[in-house]
Every structure is written in C-alpha cells, then in structure tokens.
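The values are calculated or read from the model by the stated rules, or taken from the named source; none is laboratory data. Only a predicted model underlies this, so the values are computations on that prediction, with no experimental measurement involved. Note that each Cβ is placed from the backbone with ideal geometry, even for glycine, and that neighbours are counted across all protein chains shown. Heads up: the accessible areas ignore ligands, DNA and RNA and are worked out on the full protein's heavy atoms, side chains in. Shrake-Rupley method; radii C 1.70, N 1.55, O 1.52, S 1.80 Å.
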Amino acid sequence: MRPDQFTLLANLVKTQSGIVLTPDKTYLLESRLPPVARKHGLKGMEDLVNAVKAGRNKALADDVVDAMTTNESLFFRDQKPFQIIKDEIFPKLSKSRGGAKTIKIWSAACSSGQEPYSLAMMAREERSIQGWTFDILASDISREMLKKAQAGTYTQFEVQRGLPITMLVKYFKQNGDKWIIDKGLQSHIRFKEFNLLHDMAPLGTFDIVMCRNVLIYFDQPTKSKILAGIAKRLAPDGVLFLGGAETVLGLSKDFKPVPSLRGVYQLA
Amino acid sequence: MKTCLIVDDSRVVRMVAKKIVTSLGFKTEEAEDGQQALDFCKKSMPEAVLLDWNMPVMNGIDFLVELRELPNGGEPIVVFCTTENELSKISEALMAGANEYIMKPFDSDIIETKFQQVGLL
Ligand SMILES: C[S@@+](CC[C@H](N)C(=O)[O-])C[C@H]1O[C@@H](n2cnc3c(N)ncnc32)[C@H](O)[C@@H]1O
C-alpha cells in the first residue's frame, strides 16, 4: 500500500471512529481490507481507495471502519472488575435502588457480547437483587460484532476463556461444537449500534458504565471528549469501569478514582 | 509450593500439561490412570488435580468419586481436562465433584484462567 493510500484510509477511520492508525499498522489495512473490497465488487486496494476518495459510498466507508476495529474480548475479562461489581457495587445498588428495583448498565464497546452477557449472568446470580429489572445496553460501532453478540453463539475456545464452567452449564445450550446463550439472559440486553463519538444524551442514564479496552485506540482529545460524554450519562452515585491499561488521569476532571477499587471511577 | 497431580494416559499430554502447570508455579506429579492417581492421593493429597476422563484401568470420573470419599478427599481442586465436550458429560463431572472443566484442545491461557477462577493462582 502506498503512503498516500494509507493516509487517506487512516484519516477516514480516525474521523469516523476515533481509532488512530499509525503507519506501522499498514499491514492491518492490507490484510483486512481485501474482503471489504470484494464485498463491494471492487478489484483491489486502488479501486477501494478511489471509491473511498469519491466519498459517495457510505456503506463502503462503514465497512472499512468496521474492518479496522479490534474486537478481542472474553467472558469476565480480567475477572477483578466483575468481582468488584459482585462484592461492592451490586450490594450498594441493592440498597440505594430499592425503590425502583431497576439497575441500568451500559456496556459501551461490547464487541462480540462477552461483556454484557457476563454482566447479565452476574446480575442473575446476585441474590440481593432477584426479581429486579436489569436493563443492559450493549453497544458498539461494529455492525459485524453486534450481529455476533446478538446471535449469542460462541465457539468452544471462546467459552473456555474466562467463563466459569458452572455458568456454561447453567446459561448455555449446546449445538454441535457451538455454544448458544440462554434466551432468558438475552432478554435483559438491548443491542444497539452506537458510535462513542456521537451524542450520548439519547441513551439515558446508567448506574454502571463499562467502557473497557476501547479508549486505548483513541488520541487524547477523543478520550477526553468521550469521558466527558459518559460523565453526563452516569447517575450521581454511578460508577465507570475502564480497561486495565486505561485511566481518566490527565484526561477528565469529571471523574475521580474510587479509593481502593482499581480501574473504577466515580463522579468527582 | 502447591502440588498439581496430572492424570492422563497420554505421555505427550502429560508433558505439555506439566510444562504449563510448572510455569504457573506448581510442583507436578504424574499418573497414567485413575488408580495410580488414587494411590498417590492416599499417600499425599495434592492441592490440585488436572484430570483426563477416558483412561484404562480407572477412568477420571470413577477416580473423582473415590477421591471425594477419602478423608481430606474434598480438599484438592479438581479440574477436568478432556476431549469429552458434551453438556451432559460436563454436568456429570460437576455432580461428581469437579471444580472446573477444560475441553481439549487446551492451551496455557485456558489452564491459567481456569486455575485463577478456582483460586489456585
Ligand atoms: C477490544 S474490544 C473491547 C471489548 C470489551 N469491552 C472488552 O473489554 O473485552 C474494542 C471494541 O471497541 C469498538 N469501538 C471502536 N471504536 C468505537 C467507537 N468509536 N464507538 C463504539 N465502539 C467502538 C470496537 O468495534 C471493538 O468491538
């Protein structure tokens, strides 16, 4: 790929999604875009770049962006945040939300669905909030990943990474070598295509926001803008979870770390 | 240092498992079938058992049932590691007292997360 082609595509991805691609990621474009070109009946990179440049094909631009997202995820990723929700956050909410008996959670970059499903399983397991309403919004920019999340079908490899075996037995059905999530669990989750760069106001407010392993792909101003948006969507006593390599420090004055709970933030 | 007993009739699987489990900080012991494993446990109870299902002499399930009946037999954390991947088999293993379950093929990531989940790491 020529440098000018790289620049054009990287600019597209950056403006549409916030994802920063540095020239050392050229190989990623080269390996992920040929299927996109084929899907749109374009012959190769040259044609694809020209079509993007013409700027008339929104579906093509969306597919290029989708192809450049990194969607790695696993059930109960890092375990610790989920432990914190179970030990600290749910018990707290079970008291403070006793009136409405509703807990609202946003999985803000849900990828293939492991994160919202992990949250739904935990909510189901939590005795102090049995019979409550869990409203989990699971959103992502990637249409492909949302499709996969909604299907709730996972490989043997995927269900072995992070998912306790008792949860597999309880919440999945088996179909050949595929594992399919329980329909009842899915009923707690609303899947929605949503770009974190867009206005978050229509999403409502949440008690827990998980925005994990996505800010790492953005530059500082984008991270700050997204954090400012999330701050407005959080209930006054709500909490924000970021990924292991992410922080609000130097990016947002809206949040402060929750003492002794790593990776958890509250409104300042 | 915690001991992990690796029970599998395949020498190659034992070797691969041993490498992974050692790298997680365990001392390892090996057994080729359920009977050998049971004999070992009677002498000295390990903290963890990585257990195959189908083996000659005594299979994994029969071993597990007998193990759980021994004095202190409730102590070891038992993680199945087998090609049996039917939901019904997994349930059977849990009923028999397994703590976790790995469907082969496995890799170091899977063993590590499973060991973390059951509090071995
Ligand atoms: C590595 S995954 C993280 C999945 C999950 N949160 C976890 O921690 O395992 C990153 C996800 O962020 C999504 N993403 C990237 N840019 C986005 C944007 N601007 N808006 C919404 N989602 C975005 C990607 O599509 C991808 O699915």
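Here is how the numbers come out for the structure above:
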| item | result |
| --- | --- |
| Placed amide H near A:Val239: partners under 5 Å, 5+ positions off or other chain | A:Ile208, A:Val209 |
| The stretch A:207-263-the stretch B:89-121 distance, computed between alpha-carbon centres (Å) | 33 |
| Cα-based helix-to-principal-axis angle, A:114-125 vs chain A, degrees rounded to 10 | 10 |
| Cα centroid separation, the stretch A:84-147 to the stretch B:1-64 (Å) | 39 |
| For B:98-111, mean number of other protein chain Cβ atoms within 10 Å | 3 |
| Cα pair distances of the stretch B:3-116 binned at 10 Å [whole percent] | 15, 54, 30, 1 |
| Within the stretch A:231-260, trypsin sites (Lys or Arg not before Pro) in DSSP loop having at most 15 other beta-carbon neighbours inside 10 Å | A:Lys253 |
| For the stretch A:14-39 versus the stretch A:161-177, the gap between their alpha-carbon centres in whole angstrom | 34 |
| GluC sites (Glu not before Pro) lying in DSSP loop within the stretch B:74-119, provided at most 14 other Cβ fall within 10 Å | B:Glu86 |
| Relative contact order (percent, whole number), chain A, Cα cutoff 8 Å, 6+ residue spacing | 17 |
| Check: chain B dipole with +1 on Lys, Arg Cβ and -1 on Asp, Glu Cβ, in debye | 360 |
| Nearest 10 degrees, 0 to 90: helix A:58-67 Cα axis against chain A principal axis | 70 |
| Extreme residue, positive dipole direction of the protein assembly as shown, given options A:Gly263, A:His198, A:Gln156 (C-beta unit charges) | A:His198 |
| Over 19 Å (Cα to Cα) - which of A:Lys178/B:Lys104; A:Lys178/B:Lys89; A:Lys148/A:Lys183; A:Lys53/A:Lys223; B:Lys42/B:Lys104; A:Lys225/A:Lys256 fall in this group | A:Lys53/A:Lys223; B:Lys42/B:Lys104 |
| Residue among A:Pro236, A:Pro202, A:Pro34 with the largest mean-square fluctuation in a Gaussian network model of chain A, springs linking Cα atoms under 10 Å | A:Pro202 |
| Carbon plus sulfur fraction of accessible area for the stretch B:3-116, probe 1.4 Å, in percent | 49 |
| Relative contact order of the stretch B:3-116, pairs being alpha-carbon contacts under 8 Å that are 6 or more residues apart, as % | 23 |
| Angle in degrees between helix A:45-54 and the longest Cα principal axis of chain A, rounded to the nearest 10 | 80 |
| Positive dipole terminus of the protein assembly as shown, leading residue within B:Leu24, B:Ile90, A:Phe218 (C-beta point charges) | A:Phe218 |
| Interchain or long-range residues, amide H under 5 Å from B:Asp107's placed H | none |
| Cβ charges +1 (Lys, Arg) and -1 (Asp, Glu), total dipole of the protein assembly as shown, debye | 1600 |
| Rg/Rg_globular for the protein assembly as shown, with Rg_globular taken as 2.2 N^0.38 Å and Rg from C-alpha atoms | 1.13 |
